[in-house]
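Some notes on the structure that comes next.
A short reminder: the numbers here are calculations on the coordinates, not readings from a lab. Everything numeric in this text was worked out from a predicted model, so none of it was measured. Cβ placement follows ideal geometry from the backbone for every residue including glycine, while neighbour counts extend to all protein chains displayed.
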Amino acid sequence: MSEEIGVRQLRDHATSVVRAVREEQAEYIITVHGKPVAVLRPYTPADEVRQREEAATAFMAELDALSEQVSLAWRSDQSAVEAVRDQRR
């Protein structure tokens with residue numbers, strides 16, 4: 001069961017709250033004016049996997065955008081593959 005903690009109490013006791021999350025696997029529902037706004041919980045292996053997947057997805061989106069920019073700006077009769085192949089010779 002998660003314990004509710006007000007944002008002011010969290011501010012005043014941040015070190016001990018984070019220690020409880022890390023060492024005791026405690027979870028806190030953070031409130032502002034008594035209304036829940038966030039959950040503070042331990043970082044899990046599943047979180048790490050999700051973060052890596054999100055980073056990979058963002059990286060691939062950046063590559064797609066760059067590819068589109070290169071395609072729009074390409075002004076050669078040679079394809080990019082042919083240009084790279086010529087540079088490797």
Mind checking the log10 I(q)/I(0) for the range 45-88 at q = 0.16, 0.30 Å⁻¹? Debye, one equal scatterer per Cα, no solvent, two decimals. -0.60, -0.98
Estimated inter-spin distance, S71 and A83, nm [label 7 Å along Cα→Cβ]: 1.5 nm
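If you average the sequence gap of Cα pairs under 8 Å that are 6 or more apart and divide by the length of the chain, what percent do you get for the contact order?
Numbers: 55 pairs, mean separation 17.7, N = 89.
Once divided by the residue count of the chain, the mean separation gives 20 percent.
Take every DSSP beta bridge whose two residues both sit in the chain, then give the antiparallel share in percent to the nearest 5.
On the way: 5 of 9 bridges.
If we restrict to bridges inside the chain, about 55 percent are antiparallel.
Based on the Kirkwood radius over alpha-carbon pairs, what value in µm²/s does the Stokes-Einstein equation return for the translational diffusion coefficient of the chain at 25 °C and 0.890 mPa s?
On the way: Rh = 17.5 Å.
Estimated diffusion coefficient is 140 µm²/s.
Given +1 on the Cβ of Lys and Arg, -1 on the Cβ of Asp and Glu, and no further charges, what dipole in debye does the range 45-88 carry about its Cα centre, rounded to the nearest 20? Before the final figure, lay out the partial values.
Details: 5 positive and 10 negative charges, 42 e Å.
Taking the Cα centre of the range 45-88 as origin, the dipole is about 200 debye.
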